[in-house]
Each structure stands twice: as structure tokens, then as C-alpha cells.
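Below you'll find the structure, written out as C-alpha cells, and then a few comments.
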Ligand SMILES: NC(=O)c1ccc[n+]([C@@H]2O[C@H](COP(=O)([O-])OP(=O)(O)OC[C@H]3O[C@@H](n4cnc5c(N)ncnc54)[C@H](OP(=O)(O)O)[C@@H]3O)[C@@H](O)[C@H]2O)c1
């Protein structure tokens, strides 16, 4: 029997390889991004979504593609809006509940954590507001949303929360980490496995939170990573975040049981 076909957008990103690996057992995985895949596509072009869907005819879509660089979204809000909101909305108008849009804990303003899927959003940055708009567009077309927290895990390109710490330590550079920014981080592998489980569940809730097992500040995260990996935390500098665009506590109320954070950090 042939496996259903799952299109993963944004497969060249940090989470992408974990997601495609998690899907490969149960799905025929096809991919699209600007820099490679079965189809090369720039989702900033409004015609690209229909072209990709027509070319690849997916049964399901896992939408990871995003301009996730906060500073870049502030410089190019119209571009961020096209990729983060308009393109997934267009895909959902074709796929409906067979599209799962990956969103972020940063859609919240950080003043009322821990957050459940029913809490109102309050984005503080362009990145966050385009992701919140993407959620609304996807849901209005019958699609589904999964909100993820801060992600970590090994990455050859140095992306993600744990690689940032490890790279700074390996270069002997001091690294400022916020003591007053709280998240519920999760290993990409755990997040990807949950996404693979949720993708075919078309009747599940419209919005699902996949929070990590523990609420920690960025500073606590860095210290826990060092403890798990036997690294010295001496060059990690506790720092207060004063940036109004960064919510202080976007912990997600955990809906799905996860392994322990320390255990996740052992293989980060
Ligand atoms: N990283 C986190 O901590 C985190 C936390 C919560 C939620 N999320 C969400 O999870 C998803 C994946 O995050 P990530 O960290 O893997 O992101 P990432 O590393 O920044 O990767 C973004 C992906 O989107 C693709 N992309 C960007 N602009 C595009 C365009 N105009 N057309 C086509 N593809 C485009 C990129 O591919 P090309 O450059 O090859 O085109 C890349 O594959 C995102 O939706 C993000 O909002 C991430």
C-alpha cells in the first residue's frame, strides 16, 4: 500500500531535517524551499504556493517555512507577511485540515504565562505578528496550528538555542543570556516526532501547544546545558533583557507528555 505524501516546506531550516526524518517512516516526504528540494519555490511570490501544490500533489502539508529572523522581519515586514502569513493561508485554502502550520510561543505578550491554546495572542514584534496572522489565516481556511517553544538540538549550521551556547563556549567567547526571559524549550527531535504524530490527525484540535517539560530562563537553560554536557559555564553572563519586542515569559502549558529536559540536553 502506498504511503500518503507529505510536503514539508522549510525543510532546509533548523527543524526541517528533524521533521523530515520523523515523517519518513509513515509518509512519502516531498520538499520545497528557495534553496533546494523536490521543487524550488520562493513563497514570497504569491503564485508559488499553487505551483508547488500542483507539482507535488501532497496529501498533507507540514508548513515550516518562515522568515524567522526577528531583526530581518522588522526590516522587511511586507516580505515577512508574505512568507509567514499569506503563503500558508493560501496553502490552507487548498488543503484545509490536511495542513499543519507550525507557529511559535512568541505570538503571546508574555504577561500571562503559562499559556493554553485558548489564550488571546498579543504579538510584540513583526515576526510574532506575522506568525499570529498566519495562524488566523490557516484556521479560517480549516487548517490546523501547532505552537512550538524555543527549539534546541544539534545543527551543523549552528542554529538553535543549544548550538548558540556551545559555539560561544568552544570559541572562548563570553555569552550574555537573559535571566528574565522564560520559555519551555524542547529538543527538535521531540518536537518533530510530535508533529509527525499530529500531521494525519485531521480531527484534532485546531490549535495544539507542544511545550517542553520545564519552564526555564535562557540563563538557566545555558547552565543546564553545560551541566548535561560537562562544559564550564564560567563565560555565560547573566543579563537582564530590556528589549520591548521580547516577551518575558511565553511558557506553554504542556499538553503532551515529554521526556525530562535534562535528558533532552544530554543529546543536544
Ligand atoms: N527555531 C525555533 O526556536 C522556533 C520556535 C518556535 C517556532 N518555530 C517555527 O518553526 C518553523 C521552523 O523554524 P526553523 O528554526 O527551522 O526556521 P529556519 O531555520 O529559519 O528555517 C526557515 C525555513 O523557511 C524557508 N524559507 C524562508 N523564507 C522562504 C521563502 N521566501 N520561500 C520559501 N522558503 C522559505 C527556509 O528555506 P530557504 O532559505 O532554503 O528558502 C528554511 O528552510 C518556523 O515556522 C518557525 O516560525 C521555530
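The values are calculated or read from the model by the stated rules, or taken from the named source; none is laboratory data. Here the structure is a predicted model, which is why all the values come from computation and not from measurement. In this analysis, Cβ positions are derived from the backbone assuming ideal geometry, glycine residues included, and neighbour counts consider all displayed protein chains.
The numbered conditions (1) in a helix (DSSP H, G or I); (2) out of contact with any strand residue (DSSP E or B) (no Cβ under 6 Å at 6 or more places or on another chain); (3) more than 12 Å from the ligand (Cβ to nearest atom) are all true for residue 95 except (2).
Taking region 33-51 as the range and being more than 7 Å from the ligand (Cβ to nearest atom), closer than 27 Å to residue 153 by Cβ and in contact (Cβ under 8 Å) with a residue 12 or more places away in the chain as the test, the residues that pass are 37, 38, 39.
Which residues, taken from region 52-67, are away from the ligand (no atom under 13 Å from the Cβ) and under 12 Å from residue 6 (Cβ atoms)?
As a first pass, look at region 52-67 and keep what is away from the ligand (no atom under 13 Å from the Cβ): 53-60.
Matches in region 52-67: 56, 57, 58, 59, 60.
In the set (1) farther than 19 Å from residue 14 by Cβ; (2) not assigned by TED's automatic domain parsing to the domain that holds residue 59, the condition left unmet by residue 201 is number (2). Taking region 13-30 as the range and being under 18 Å from residue 67 (Cα atoms) and crowded, with 23+ Cβ neighbours inside 10 Å as the test, the residues that pass are 15, 19. Pick out, from region 169-268, the strands (runs of 3 or more DSSP E) lying fully within it that include 2 or more residues that are over 22 Å from residue 63 (Cα atoms) and modelled with pLDDT of 95 or more. Passing ranges, in order: 175-178, 236-239. In the condition set (1) assigned to a loop (DSSP other than H, G, I, E, B); (2) surrounded by fewer than 17 Cβ atoms within 10 Å (Cβ to Cβ); (3) within 12 Å of the ligand (Cβ to nearest atom), residue 2 is compliant with all but (3). I need the full set of residues from region 18-31 which are at pLDDT 95 or above and either within 8 Å of the ligand (Cβ to nearest atom) or under 16 Å from residue 197 (Cα atoms) (or both), in order please. Result: 18, 19, 20, 21, 22, 23, 24, 26, 27, 28, 29. Of all the listed residues (10, 89), the sole one being more than 9 Å from the ligand (Cβ to nearest atom), buried (at least 16 other Cβ atoms within 10 Å of the Cβ) and modelled with pLDDT of 95 or more is 89.
Within region 68-77, can one find any residue that is closer than 15 Å to residue 143 by Cβ and within 12 Å of the ligand (Cβ to nearest atom)? No, every residue in region 68-77 fails to be closer than 15 Å to residue 143 by Cβ and within 12 Å of the ligand (Cβ to nearest atom).
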